[in-house]
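Every read-out reported here was derived from the displayed coordinates using simple, explicitly stated rules and does not represent laboratory data. Because the structure is a prediction, the values reported are computed rather than measured. Cβ atoms come from the backbone with ideal geometry, glycine included; neighbour counts cover every protein chain shown.
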Amino acid sequence: MEICLQAGLLCFGFFLLIKGADRFVEGTSQIAKRCNISQLVIGLTVVAMGTSAPEAAVSISSALKGNADITIGNILGSNILNILVILGASALIASLPVARSTVRYEMPFLLGITILLFIQGLDGSIGFTDGIVQLGCFVVYIGYLLMLVRRQKEKKEEIISCRPLWQLLMLTVVGLVFIIWGSDLSVDAAVAIANDIGVSERFIGLTIVAFGTSLPELCTSLIAARKGNADIAIGNIVGSNIFNILFVIGLSALIVPVPFASSFILDVIVAAVSTLFLLLFCWKRKKLNRGCGWIMLFGYICYFMMLW
């Protein structure tokens, strides 16, 4: 009976996520056009950080409660899911053009900070100093985004939406609330079901909790791809992964040292290799096509089987 109740909450959480992501993408993309801000910048900032709110809440809460396996596992699992599953699935819906700056700067930066996390975790803990370094890198990243906004020279586009600005803002806020609420319900229900089945905490963090907290990115990117907002789809994932490592783990480490189990070394290597493959796929053609999408999904299936 308890499992049936949790399954019902899980489905309701998925419903909130899908509806919330639809409204969130519509609101932010139209606001971007009205303010003459590129979809790439919106995807790398507002959308990325908004959809990473569940990862931040779950990971910081887990760190405070001493559940380090969920803190690290949630971030690594989410980042792997974001690239291999979410971008892979989005590429199956539509071929995704990738901005030159994303390939040249944001993706290599993501690869670099993933390797940094690997180096920091070799001593078995992400401590206060490590957190300072990560948050320092996050400040540099925010500075880069501000510079990107100033340098953009896009021509003003004709405003397609006839909605007034206050409605678009309300649409964005309501969408974000639905995303966070739906993700919270989904994660709680999934963890409860997993605990009843008797699955390990590391496995829960890397798969079920990671999937639950990545649902906002999944819904947002799929809907953005379907609506032709490719820069939001790609920028959302790259920005979310950067935010997850630098801000979420960095802030968690400032609050309390986060143990880094040796078993996570393999997972952070998979996260780095996934980022490297994404970079190589997009380097020449500046596009993520369906063939790459199938390869990425197959890669995640292999990783999941290895975990299992």
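A few comments on the model shown:
- Note on region 172-287: Kirkwood hydrodynamic radius from all Cα pairs is 16.3 Å, rounded to one decimal.
- Inter-label distance for A7 and I132, nm, one decimal - labels placed 7 Å from Cα along Cα-to-Cβ: 5.2
- Rounded if a/c under 1.5, otherwise prolate or oblate - region 178-228, Cα gyration tensor axes: prolate
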